[in-house]
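Note sheet for the following structure.
The values are calculated or read from the model by the stated rules, or taken from the named source; none is laboratory data. Quantities reported herein were computed from a predicted structural model and do not represent experimental measurements. Here the Cβ positions follow ideal geometry from the backbone for every residue, glycine too, while neighbour counts run over all protein chains shown. Keep in mind that these areas ignore ligands, DNA and RNA; they rest on the heavy atoms of the full protein, side chains included. Shrake-Rupley method; radii C 1.70, N 1.55, O 1.52, S 1.80 Å.
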Amino acid sequence: MAILEILEYPDSRLRTIAKPVKSFDQDLSHLIDDMFETMYDAPGIGLAATQVDKHIQLIVIDISEENNDPLVFINPEITVLEGDPEKMQEGCLSVPGFYEDIERIEHVLIKAIDRDGSPFELEARGLLAVCIQHEMDHLNGKLFVDYISTLKRNRIKKKLEKSHRARA
């Protein structure tokens, strides 16, 4: 397994629309393992393949405290089940060090394929529902900063660009 580089905002590759996964092979299995290792190392609770410059519809999530409940969503589709949008503070491994209140639906149904190629459905609430929506946004080239004001987004962009220059 390997720790992958996580792309950081405003990297234009984060805006790439992910393509459906068609091949459930050893390469996909290795990528899933590497994504979990990368996410746990960061540390985070979710990671989309887009964030590691792999533009396929693949998400890994683990919201457990012990990092012992790994979830894999391939070619995910989401259906809102109920509820008004609720605000929850979100952060992102691609926007390190910044957190904002974002409105998301609290109860969703997700249809996806697991790492073995088997379709499944999962009803999610609360943090898991929010995390799934956040990661699915990545697959569509969208970031949580797209939900905040232009002023805040530009401030975050400038701070991250300055940080990137300092590291270069």
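Here residue 82 fits the description: of a type in the set (D, E, K, R) and touching a strand residue (DSSP E or B) at 6+ places or on another chain (Cβ under 7 Å). Taken over the stretch 78-104, the criterion of being of a type in the set (A, V, I, L, M, F, W, C) and either modelled with pLDDT of 95 or more or closer than 18 Å to residue 46 by Cβ (or both) is satisfied by 78, 88, 92, 93, 95, 98, 102. Can you confirm whether residue 51 is touching a residue at least 60 places away in the same chain (Cβ under 8 Å) and farther than 30 Å from residue 155 by Cβ? Criteria not met by residue 51. The residue that is most open to solvent (accessible area, probe 1.4 Å), counting only those in the stretch 123-136 that are in contact (Cβ under 8 Å) with a residue 40 or more places away in the chain and charged (D, E, K, R), is 123.
With a requirement of 2 or more residues that are surrounded by 14 or more Cβ atoms within 10 Å (Cβ to Cβ) and of a type outside the set (Val, Ile, Thr), the strands (runs of 3 or more DSSP E) lying completely within the stretch 1-94 that satisfy it span 46-48, 71-82, 86-92. Within the span defined as the stretch 95-111, every residue fails to be of a type in the set (Ser, Thr, Tyr) and either part of a helix (DSSP H, G or I) or out of contact with any Gly (no Cβ under 7 Å at 6 or more places or on another chain) (or both).
Conditions tested, residue by residue: (1) under 11 Å from the mean Cα position of the chain (by Cα); (2) of a type in the set (Val, Ile, Thr).
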site	(1), (2)
45	yes, yes
52	yes, yes
56	no, yes
60	yes, yes
85	no, no
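For the stretch 105-121, a residue qualifies if it is open to solvent by less than 50 Å² (accessible area, probe 1.4 Å) and modelled with pLDDT of 95 or more, and the qualifying residues are 109, 110, 112, 113, 114, 117.
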